[in-house]
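The structure appears right after this line, and notes come after that.
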Amino acid sequence: MKRAFITGITGQDGSYLAEHLLDLGYEVHGLVRRVALEDPERRFFRIKHLLDRIKLHPASLESYSSIFHVLTREKFDECYHLAAQSFVAESFNDGFSTMNINVNGTHHMLAALHELQPECKFYFAGSSEMFGKVRDVPQNETTPFHPRSPYGISKVAGFELTRNYREAYGMFCVSGLLFNHEGPRRGFEFVTRKISSTVARINLGLASELRLGNLEAKRDWGHAADYVRAMHLMLQQPEADDYVVATGETHSVREFCELAFAEVGLNYEKYVKLDEKLYRPAEVDMLVGDAGKARRVLGWQPTYSFVDLIKEMVRKDVEALTETPLGVSAR
Ligand code: NAP
Ligand code: GDD
């Protein structure tokens, strides 16, 4: 039985990946913050249905010795390093914490694996934010990086560290350059979930408006359940390599709003209010990925369309508030 170690197992992707690996017959372990163990009901809400099938190890990404300690006790075949300060807007408020968690945390993981388990395959959660002010359209594995936020810069550094451990020590280290991926488990601060959850509240008369920043930004939005399959496939290849994972379609925040409100029969223009405070100091205007290499080499392709994704997110948010399937008595 293969053994996998997931950092960030309590997050959106970590929860879907843990489910996927359990389905494939893996023994799944996760790194969690010690503080999370004190409030499992709240901190483990995405993995509570898995808790009796996974093993959690308290450690801190910021502390090399805590990671070293876990890796001296347990041996793994695959390590998926997903933990990060992942909210781009927050990285402008606190770039120092973002760098510490995302860069030093990644370095600690790689260095501890190199020291103790160099045969363990390593996945780094790279991001389309690394392309930033894009130089090619669509973006692929050869597109130069031009990050536009401390978050984007931290991911470029993590990507370079991962490549360096591959080249310097011959370790099986790969980066997935994943474009935005969402779903009903997405954090509420990200724009898609902010929209779907507020649409549900407005639909039930619990809110009257949705305040947003830049409606014209365009993203290549897929579903997280599809994207974790690509992470696993990358670690099953004969050679370590980096892959773009994307749908190849781009849509604006405005289009997302229009379709999400339409899902409950409302016109977004009536409810969406622009708020200058939600604009970022430097924006990534447009992302669209070319996942041709992932399709060819990994045999990966997404199963969710943009519309399917929005329908599922809005439906789940309405159901969470009403316990009633959408279309029965949502209003
Ligand atoms: P997420 O929902 O924000 O989850 C982040 C995870 O990191 C959580 O489990 C969180 O633990 C953990 N974490 C944060 N700071 C930590 C620390 N100091 N020590 C230990 N754990 C810490 O993010 P996601 O959407 O699943 O994304 C997973 C990874 O993919 C991230 O690295 C993200 O940057 C990257 N990525 C995401 C996307 C996307 O569209 N979702 C696209 C490209 C790349 P707590 O629960 O304790 O906070
Ligand atoms: N969060 C948020 N809140 N974003 C808003 C808002 C708002 O009120 N109004 C407009 N936006 C715009 C942002 O300016 C951005 O252009 C776009 O919506 C998407 O923002 P987020 O959902 O916060 O995601 P992101 O694209 O910045 O980052 C996500 O995707 C990256 C991959 O490209 C995160 O998951 C990152 O961790 C990930 O690497």
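The values are calculated or read from the model by the stated rules, or taken from the named source; none is laboratory data. Computed from a predicted model, the values in this text were never measured in an experiment. FYI the Cβ positions are ideal-geometry reconstructions off the backbone, even for glycines, and counts take in every protein chain you see.
Quick notes on this structure:
- First in the stretch 47-62 and in the same structural domain as residue 37 (by TED's automatic domain parsing), second anywhere and of a type in the set (A, V, I, L, M) and modelled with pLDDT under 95, Cβ under 7 Å, 6 or more apart: 58/37
- When restricted to residues that are within 16 Å of ligand 1 (Cβ to nearest atom) and surrounded by fewer than 22 Cβ atoms within 10 Å (Cβ to Cβ), the stretch 234-246 contains 2.
- Residues (within 16 Å of ligand 2 (Cβ to nearest atom) and crowded, with 19+ Cβ neighbours inside 10 Å) located in the stretch 151-174: 151, 152, 153, 154, 155, 156, 158, 159, 162
- Scan of the stretch 41-54 for residues that are away from ligand 2 (no atom under 16 Å from the Cβ) and either under 21 Å from residue 86 (Cα atoms) or crowded, with 19+ Cβ neighbours inside 10 Å (or both), ordered by number: 42, 43, 44, 45, 47, 54
- Hey, residue 74 under 22 Å from the mean Cα position of the chain (by Cα) and in contact (Cβ under 8 Å) with a residue 40 or more places away in the chain or not: no
- Selection over the stretch 195-233 of residues that are more than 18 Å from the chain's Cα centre (by Cα) and within 16 Å of ligand 1 (Cβ to nearest atom) gives a count of 2.
- Taken across the stretch 123-138, residues that are more than 13 Å from ligand 2 (Cβ to nearest atom), closer than 20 Å to residue 10 by Cβ and acidic (Asp, Glu) do not occur at all.
- In summary, residue 190 fulfils each of the numbered conditions (1) out of contact with any Gly (no Cβ under 9 Å at 6 or more places or on another chain); (2) in contact (Cβ under 8 Å) with a residue 40 or more places away in the chain; (3) more than 9 Å from ligand 2 (Cβ to nearest atom); (4) of a type outside the set (Ser, Thr, Tyr) with the single exception of condition (3).
- Close Cβ contacts (under 6 Å, 6 or more residues apart or on different chains) running from residues in the stretch 123-137 that are within 24 Å of residue 237 (Cβ to Cβ) to residues that are at pLDDT 95 or above and part of a strand (DSSP E or B) comprise 123/80; 123/174; 124/81; 124/175; 126/175; 126/176; 126/177; 131/139.
- The numbered conditions (1) touching a residue at least 40 places away in the same chain (Cβ under 8 Å); (2) surrounded by fewer than 16 Cβ atoms within 10 Å (Cβ to Cβ) are all true for residue 91 except (2).
- Every residue from the stretch 22-55 that is in contact with a Leu (Cβ under 9 Å, 6 or more places away or on another chain), more than 11 Å from ligand 1 (Cβ to nearest atom) and closer than 28 Å to residue 103 by Cβ: 28, 29, 54
- Qualifying residue in the stretch 5-13 (condition: away from ligand 2 (no atom under 16 Å from the Cβ), touching a Phe, Trp or Tyr at 6+ places or on another chain (Cβ under 6 Å) and either in a helix (DSSP H, G or I) or within 23 Å of residue 178 (Cα to Cα) (or both)): yes
- No other residue among 294, 282, 320 is modelled with pLDDT of 95 or more and within 16 Å of ligand 1 (Cβ to nearest atom) apart from 294.
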